[in-house]
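Take a look at the structure set out below.
Rule-based calculations on the coordinates, nothing more; no lab input. Since we're looking at a predicted model, the values are computed, not measured. Note: ideal-geometry Cβ built from the backbone for every residue, glycine included; neighbour counts use all protein chains shown.
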Amino acid sequence: MANRRVYRASNDRCDASFSDSGAQFLEWTPAGTEPVLWLSERSLPWASTPARGGVPICAPWFGVATASLAAPGSEAQNHGFLRNATWELVERTDDSAILSFTYAPTTKTEMAKFPHRFTAQLHATFGEYLHLALTMTNADEEAFYVDEALHPYFNVSDVREISVVGLDGAEQLCTVTNEHSVQKGDVTFTQGRVDSIFDYTGTVSILDPGFGRRIVIEKENSASTIVWNPAEAKAADMHHEDWKHFVCVEVGNVRQNAVFLQPGQSHTISLTITVEKLN
């Protein structure tokens, strides 16, 4: 992880940066807008920890290991190890804004974290929109479960003034209280920490009056939408007021929606982000 490679790309539609550490998009700023992705000032290229912000990949399990059908073992770190791994950049074309990364665990240490052979590929297209597609392939002789999530940190003017629209009526698990409920209305962030997993396959958007924009989040092959902001009480590893300036709206297949892969089978989940001006 130390001395992660950070690549920068610019064209007439956007500025972007990304890293081979975790195949992580770090920046995406369409022409004429504020940055869409939030990135902590502590996420320096020579840091020995994963970058806080951008779009981490959570796989082959999500969240607390003991809650995952992927069953990596009780000692496993949260959110899997693909976000910490060094991926191979196999294609880069800035003019057409295309990237591809691949990863396959090969060492005994990596194999000890998850007892199945697999490969992962991230394909990215960026310009006036950002499209990310994560493909997980079973390279083993046995079937197994994987969790998968693309975990964007969205840059917002003030999380207490925004709303996440589109989840009204969706069933949710609040991981703060471990309670199940049905979402009523928009998701807002005026009552403290939010950390919920929604059973929802559709499009959601972030309304941000402070930046005068709507961030639209579309997805394919995703049965879970996760919304998170730590609030001040759970932001100890960030700068003092960082929590006010991001919200995570993630796309994935986690918990009961984990994907069961047969030998040789692949599954692709994708995320498309666009930005619209508010009238």
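Here are a few things to note about the model shown:
- Residues of type lysines that LYS277 reaches as a straight line, Cα spacing below 29 Å, ignoring anything fewer than 8 places off in the same chain: LYS184, LYS219, LYS244
- Result for the chain in a Gaussian network model with C-alpha springs under 10 Å: among VAL55, VAL247, VAL165, the largest mean-square fluctuation is at VAL165.
- Exposed loop sites here are GluC sites (Glu not before Pro) assigned a DSSP state other than H, G, I, E or B and surrounded by at most 10 other beta carbons within 10 Å; excluding them, the longest clear run of the chain is 142-240.
- Seen from every direction in turn and averaged, the convex hull around the alpha carbons of the range 159-270 projects onto 8.1 nm².
- Counted over all Cα-Cα pairs of the chain, pairs farther apart than 34 Å make up 14 percent.
- Extension gain for SER163 to MET111 (0.36 nm times residue separation, less C-alpha to C-alpha distance): 14.6 nm.
- The chain: most fluctuating residue of ASN178, ASN11, ASN221 per GNM, C-alpha cutoff 10 Å: ASN178
- For the chain, a simple Cβ point-charge model (Lys and Arg +1, Asp and Glu -1, everything else neutral) yields a dipole of about 380 debye relative to the Cα centre.
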